[in-house]
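Participant: This structure is in structure tokens; I'll ask about it shortly.
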Amino acid sequence: MRYFRNEKEILDLVAAFETATIAREDWRHAEHLAVGLFYAEKHGLEEGTEMMRSGIIRLLEKGFGVDLSKEMPYHETITVFWMRTAYAFLLMTRVASTVERTNALIAAFDKDFPLRFYSRERLFSEEARAKYISPDLFQEGSLEEEIHRSLIPAKPSSVRADPRNGPARHAIGNLTFGCSTSPMNDPPH
């Protein structure tokens, strides 16, 4: 698993992604997440998702030489799912640095995380590849709750809540995660 030492490494990765110069063997799960989180932070969920979608397609065609008329390795549901995950994670980790947040996202979510929400049949269907489809194992709105559950330490003593200071906060390492009732609606800071 790749982790980032500084923000320049993340910026270099994003530049290589945007210019379709990243090597196929260097474009793995961690790199997908790092670029997705970068776009979510800089451009918001909708525009960031569009940039990720078009960037992956450009990388497949120009960087990897895939003939998209013969095969389509791009997967819309997985792209949208991971962008929503990255955006929700961003909203829960507002006080962390870009590098801390990126490394925590990579550490917290392995490539099988979508299978908590989708059956294999549904997620890997042609329909899911071509367009976004809703999960069949969890309700649509439960992504934020499941992300939050994945991040909360088992010890209740790590929860800091004070009704005068807003929602409960959870600390994991140097990161603090907020409990928002609807993080997808909050703008990033």
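The values are calculated or read from the model by the stated rules, or taken from the named source; none is laboratory data. Predicted model, so just to flag it, every value in this text is computed and none were measured. Cβ atoms come from the backbone with ideal geometry, glycine included; neighbour counts cover every protein chain shown.
Participant: Take the residues in the stretch 97-125 that are touching a strand residue (DSSP E or B) at 6+ places or on another chain (Cβ under 8 Å) and surrounded by 20 or more Cβ atoms within 10 Å (Cβ to Cβ); name whichever of them is nearest to E9 (Cα to Cα). Full working, then the answer.
Facilitator: Initially, the stretch 97-125 is screened for residues touching a strand residue (DSSP E or B) at 6+ places or on another chain (Cβ under 8 Å), giving 100-101, 104.
After this cut, where a residue has to be surrounded by 20 or more Cβ atoms within 10 Å (Cβ to Cβ) as well, the list is 101, 104.
Working: R101: 14, A104: 15 Å.
Here the answer is R101.
Participant: Conditions: (1) more than 19 Å from L45 (Cβ to Cβ); (2) charged (D, E, K, R); (3) surrounded by 13 or more Cβ atoms within 10 Å (Cβ to Cβ); (4) at pLDDT 90 or above. R169 meets all but one. Number of the miss?
Facilitator: Going through the list (1) more than 19 Å from L45 (Cβ to Cβ); (2) charged (D, E, K, R); (3) surrounded by 13 or more Cβ atoms within 10 Å (Cβ to Cβ); (4) at pLDDT 90 or above, R169 breaks only (4).
Participant: Right, another one. Name the one entry in I56, I10, I22 that is in a helix (DSSP H, G or I) and more than 16 Å from R101 (Cα to Cα). Reasoning before the result, please.
Facilitator: On the way: I10 fails: more than 16 Å from R101 (Cα to Cα); I22 fails: in a helix (DSSP H, G or I).
After ruling out the rest, the residue left standing is I56.
Participant: Here is a list of conditions, (1) within 16 Å of A107 (Cα to Cα); (2) buried (at least 22 other Cβ atoms within 10 Å of the Cβ); (3) over 11 Å from the mean Cα position of the chain (by Cα), and F4 meets all of them except one; can you say which number that is?
Facilitator: That leaves (2) as the condition not met.
Participant: May I pose another question? Are any of the residues in the stretch 66-76 of a type in the set (A, V, I, L, M, F, W, C) and modelled with pLDDT of 95 or more?
Facilitator: Kept after step one, since they are of a type in the set (A, V, I, L, M, F, W, C), are these residues of the stretch 66-76: 66, 68, 72.
Filter again for modelled with pLDDT of 95 or more, leaving none.
Taking every residue of the stretch 66-76 in turn, none turns out to be of a type in the set (A, V, I, L, M, F, W, C) and modelled with pLDDT of 95 or more.
Participant: Is at least one residue of the stretch 79-95 surrounded by 22 or more Cβ atoms within 10 Å (Cβ to Cβ), within 12 Å of the chain's Cα centre (by Cα), among the β-branched types (V, I, T) and closer than 19 Å to I10 by Cβ?
Facilitator: yes
Participant: Given the criterion touching a residue at least 60 places away in the same chain (Cβ under 8 Å), charged (D, E, K, R) and part of a helix (DSSP H, G or I), identify the matching residue among R84, R94. Break it down stepwise before answering.
Facilitator: Values: R94 fails: part of a helix (DSSP H, G or I).
Residue meeting the stated conditions: R84.
Participant: Can you tell which of L45, L60, L90 is at pLDDT 95 or above and touching a Lys or Arg at 6+ places or on another chain (Cβ under 9 Å)?
Facilitator: Details: L60 fails: touching a Lys or Arg at 6+ places or on another chain (Cβ under 9 Å); L90 fails: at pLDDT 95 or above.
Exactly one residue qualifies, and that residue is L45.
Participant: Do we find that I106 is of a type in the set (V, I, T) and either over 30 Å from E7 (Cβ atoms) or at pLDDT below 95 (or both) in this structure? Walk me through how you get there before you give the answer.
Facilitator: Values: of a type in the set (V, I, T): yes; either over 30 Å from E7 (Cβ atoms) or at pLDDT below 95 (or both): no.
No, not satisfied.
Participant: Related question: Does Y39 count as crowded, with 21+ Cβ neighbours inside 10 Å and either farther than 16 Å from A15 by Cα or free of Cβ contacts under 8 Å to residues at least 40 places away in the same chain (or both)? Give the steps one after another, and end with the answer.
Facilitator: Working: crowded, with 21+ Cβ neighbours inside 10 Å: yes; either farther than 16 Å from A15 by Cα or free of Cβ contacts under 8 Å to residues at least 40 places away in the same chain (or both): no.
No.
Participant: Here's another thing I want to ask about it. Out of the residues in the stretch 66-78 that are more than 11 Å from the chain's Cα centre (by Cα) and of a type in the set (A, V, I, L, M), which is nearest to E7 (Cα to Cα)?
Facilitator: Step by step, filter the stretch 66-78, then rank; the result is V66.
Participant: For the stretch 25-53, how many residues are closer than 19 Å to K111 by Cβ and in a helix (DSSP H, G or I)? Give the derivation first.
Facilitator: Kept after step one, since they are closer than 19 Å to K111 by Cβ, are these residues of the stretch 25-53: 25-40, 49, 52-53.
Those left that are additionally in a helix (DSSP H, G or I): 25-26, 29-40, 49, 52-53.
Qualifying residue count for the region: 17.
Participant: When you scan the stretch 110-137, how many residues do you find that are in a helix (DSSP H, G or I), among the hydrophobic types (A, V, I, L, M, F, W, C) and closer than 17 Å to Y74 by Cα? Explain how you work it out, then say what you get.
Facilitator: Within the stretch 110-137, the subset in a helix (DSSP H, G or I) is 113-116, 120-123, 126-130.
In the following step, the residues that additionally are among the hydrophobic types (A, V, I, L, M, F, W, C) were identified as 113, 115, 123, 128, 130.
From what is left, the residues that are closer than 17 Å to Y74 by Cα are 123, 128, 130.
Residues that pass the stated criteria total 3.
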